[in-house]
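To keep things clear, I will list the structure first and then write my remarks on it.
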Amino acid sequence: LFRSEHLQGSTLRQELGGRHINVRRAVELAIQIADAVAEAHAAGYLHAGLSPESVVITAKGHAKIPAHQLACREGFVVGAGEPALVDYPSPEELSGSTPDERSDVFSVGALLYEMLTAKRPSVKGAARPSATNTNVPRELDDLVLQAVAPNPARRYATASEFVAGLRAVLAIKIGRAHV
């Protein structure tokens, strides 16, 4: 069960402001977002509509995803006339296929890609984030590109696997110098 909380803050879109953000901060936010998505998956839910507008950055700087943004595992459930915010649909969602956990991994990876580059990744295959932002280490490039792979079979199978990779890169490769 998800508890509802009153969230105050700005959206991730507002925090981005059309520019990339510090690499360390981007990875920390991506970990928080992916952790929330992994918890939803463990409870049997998909997000299926993750966007920079659906992520709230609290006054303390934490990323939160409102529970009302979740869809059920059997498909999209849109409450009382609320449209779904789908900024980062996965390639399979665009083709009309049923989303799964890997679809949410794509969306989290796409959010991280934009945080690192100020650009959206292509659903047909993205350039390395370091091509735009030289502060991005190669190991992070590899993680992000796996998360946004056009073929779901090449993505992380779960958000938890993606989080583990992000934590490892954060601990080993991303120091204070990566801004």
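The values are calculated or read from the model by the stated rules, or taken from the named source; none is laboratory data. All figures in this text were calculated on a predicted structure; none of them were measured in a lab. A quick note on method: Cβ atoms are made from the backbone with ideal geometry, for glycine too, and the neighbour counts reach across all protein chains shown. In case anyone asks, the SASA skips ligands and DNA or RNA and just uses the protein heavy atoms, side chains included. Shrake-Rupley method; radii C 1.70, N 1.55, O 1.52, S 1.80 Å.
Structure notes:
- Nearest-10 value in Å² for the accessible area of K119, using the 1.4 Å probe: 110 Å²
- Using the Cβ-Cβ distance between S95 and A131 with R0 = 45 Å, the FRET efficiency computed as 1/(1 + (r/R0)^6) comes to roughly 0.95.
- Vicinal HN-Hα couplings computed from phi for segment 99-115 (Karplus, 6.51 cos²θ - 1.76 cosθ + 1.60; Hz; Gly/Pro x): x, 9, 4, 5, 5, 5, 4, 4, 5, 5, x, 5, 4, 5, 4, 5, 4
- Here each label is just a point 7 Å from Cα along the line to Cβ, and for N151 and A171 those points are 3.1 nm apart.
- Length available on full extension from S10 to K119: 0.36 nm per residue minus the Cα-Cα distance, which gives 37.3 nm.
- Per-residue ³J(HN,Hα) for segment 153-158, Karplus 6.51 cos²θ - 1.76 cosθ + 1.60, θ = phi - 60°, Hz, x for Gly and Pro: 5, 9, 8, 4, 6, 9
- 22 Å Cα-Cα reach of K119 towards lysines, excluding residues that sit fewer than 8 places from it in its own chain: K64
- From phi via Karplus (6.51, -1.76, 1.60), per-residue ³J(HN,Hα) for segment 132-141 in Hz, x at Gly/Pro: 9, 10, 5, 7, 7, x, 4, 4, 6, 3
- Selection from G125, G165, N135, by position along the positive dipole direction of segment 114-179 (Cβ): G125
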